[in-house]
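Have a look at the structure below, then the notes.
The values are calculated or read from the model by the stated rules, or taken from the named source; none is laboratory data. Just so it is clear, the structure is predicted and the values come from calculations on it, not from any experiment. Using ideal geometry, Cβ is built from the backbone for each residue, glycine included, and neighbour counts are taken over all protein chains shown.
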Amino acid sequence: MSETNGFEPKIVAYVCNWCTYLGADLAGTNRLEYPPNVRLIRLPCTGRIDFNLIVKAFEMSADAVLVSGCHPGDCHYTAGNYHARRRWMLFRPLLEALGFDLRRIHFTWISAAEGRKFQQVIAEITESARKLGPYRPYEANGESKWRPAGLPPPKRRSGDDASLRTTARELLAEGKAGVVIGRGERGPVLARKPEDADRLTWNGASKIALTAYLKRKEVRALGKPAIVAGPADLRALNVLEQESQIRREDIHVIAAEGPGAAPPDFSDLDALLQLEPGERMAYWAGEFDRCVKCYACRQACPLCYCERCIVDKNRPQAIDTSAHARGNFAWHITRAFHLAGRCVGCGACTRACPAGIDLRLLNQAAARAAERQFGYRAGADPKAEPLVGVYSLTDKEEFIG
């Protein structure tokens, strides 16, 4: 008692209805004692245990979280736990980059017949959390002086402006395109008349990814679009096509370069991960303190195309809309994880942020996990299956107890 000053941890356990919950019931039926610190929340399947629930548990002062379900091959819904395993393989690196203490987040498989394993797991997690002490990640003390180097300067695109303008002018004059989406000297250009093509340039400015315009109803209403695409735009088009959001035959693509095979630069992410978890959390706490929830990052992203964003839903309200620590952490975790296995590294979120938050670091955490775990780079192969939404029996699970 003296070692922990009487502290008793609060543990939230999200469990599968068909296996782990019945395992807990069996432990009770067999009178197997385990610490009363755990609060069980029963869900139909681990495949339905949304990552937002992990965040919500820590918002409500949980000191540790457990996610548990059926063993692989025993899922009541055939493959829910396989899908869950893949998502957690991408989610854990994101939480690590943010500075969450991964020692407090536990995953395990417990069947309906494993009442004693349930007893042991709860006892171990409780003892671990008791030794670690109270956990209040959103109350990070101190201030991190670390700062990323930032976005590299834009690479100059190869291509002749005169040829680009001629192509755009012909598409518009012949009625083959209703609008040409490109870059101008001062920002994005939506050329609707042949003479508007003179404003287009390969190396113009745009804080918004050009492919983001393809999802907008007002742009679609202008007729068949043509888009002036650089390497990141081409990768984004590949992902949008994989996800059945566009059909290539419905779009004219004007490109001077291919999708690009150069590996992404993770040097800033590497430097961030060299910091202690507490300092990483302090860094993001300071960054998110400037966030005003303007959602410019969402609007600039080529792959945020939900007609109604989760942050705009209030029945139920999954994310606090207030611009405070809990709401801002929840929003940016959600945004980054929705892009896991999808982000093409265009940097539009960082360029669009009026507060100057380097949001690409969160995207990179999940992107590098996708490369390391699955050899997958978003948009590189238009014929590849999307990373999230499928699974493999060989997916790794070293982190699962």
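If I ask for residues that are part of a helix (DSSP H, G or I) and of a type in the set (S, T, N, Q), which ones from segment 306-347 would you list?
Residues of segment 306-347 that are part of a helix (DSSP H, G or I), as a first pass: 310-312, 325-338.
Correct list: Asn328, Thr334.
Is it the case, given these coordinates, that Leu269 is modelled with pLDDT of 95 or more, surrounded by 20 or more Cβ atoms within 10 Å (Cβ to Cβ) and part of a helix (DSSP H, G or I)? The answer is yes for Leu269.
When Leu275, Leu303 are checked against the criterion of being in a loop (DSSP other than H, G, I, E, B), more than 28 Å from Tyr213 (Cβ to Cβ) and touching a residue at least 40 places away in the same chain (Cβ under 8 Å), Leu275 stands alone in meeting it.
I'm trying to understand the selection: among the residues of segment 353-390, which are part of a loop (DSSP other than H, G, I, E, B) and among the β-branched types (Val, Ile, Thr)? Give the steps one after another, and end with the answer.
In the first step, residues of segment 353-390 are kept if they are part of a loop (DSSP other than H, G, I, E, B); the result is 353-359, 375-387, 389.
Scanning segment 353-390 gives a single hit, Ile357.
Residues in segment 207-227: is at least one within 20 Å of Cys346 (Cα to Cα), in the same structural domain as Ala168 (by TED's automatic domain parsing), small (Gly, Ala, Ser) and surrounded by fewer than 18 Cβ atoms within 10 Å (Cβ to Cβ)? Lay out the reasoning, then the answer.
Keep residues of segment 207-227 that are within 20 Å of Cys346 (Cα to Cα), which gives 207-216, 226-227.
Going one step further and asking which of them are in the same structural domain as Ala168 (by TED's automatic domain parsing), we end up with 207-216, 226-227.
Still in the list and also small (Gly, Ala, Ser): 209, 212, 226.
Cutting the leftovers down to surrounded by fewer than 18 Cβ atoms within 10 Å (Cβ to Cβ) gives us none.
No, segment 207-227 contains no residue that is within 20 Å of Cys346 (Cα to Cα), in the same structural domain as Ala168 (by TED's automatic domain parsing), small (Gly, Ala, Ser) and surrounded by fewer than 18 Cβ atoms within 10 Å (Cβ to Cβ).
When the residues of segment 153-201 are narrowed to those that are part of a loop (DSSP other than H, G, I, E, B) and of a type in the set (S, T, N, Q), which ends up modelled with the lowest pLDDT? Here the answer is Ser158. Applying the set (1) touching a Ser or Thr at 6+ places or on another chain (Cβ under 6 Å); (2) more than 26 Å from Pro386 (Cβ to Cβ); (3) touching a residue at least 60 places away in the same chain (Cβ under 8 Å) to Ala236 leaves exactly one unmet item: (2). Within segment 35-83, if we keep just the residues that are among the hydroxyl-bearing types (Ser, Thr, Tyr) and not in a helix (DSSP H, G or I), the residue that is nearest to Ala123 (Cα to Cα) turns out to be Ser68.
Within segment 134-145, does at least one residue satisfy the condition of being modelled with pLDDT of 95 or more and surrounded by fewer than 19 Cβ atoms within 10 Å (Cβ to Cβ)? Within segment 134-145, one or more residues are modelled with pLDDT of 95 or more and surrounded by fewer than 19 Cβ atoms within 10 Å (Cβ to Cβ).
Only a single item in (1) assigned to a loop (DSSP other than H, G, I, E, B); (2) surrounded by fewer than 22 Cβ atoms within 10 Å (Cβ to Cβ) is not met by Thr350, and it is number (1). Gly150 satisfies every condition listed in (1) touching a residue at least 40 places away in the same chain (Cβ under 8 Å); (2) part of a helix (DSSP H, G or I) except (2). For segment 211-223, the condition holds for no residue, the condition being that it is among the charged types (D, E, K, R) and over 30 Å from the mean Cα position of the chain (by Cα).
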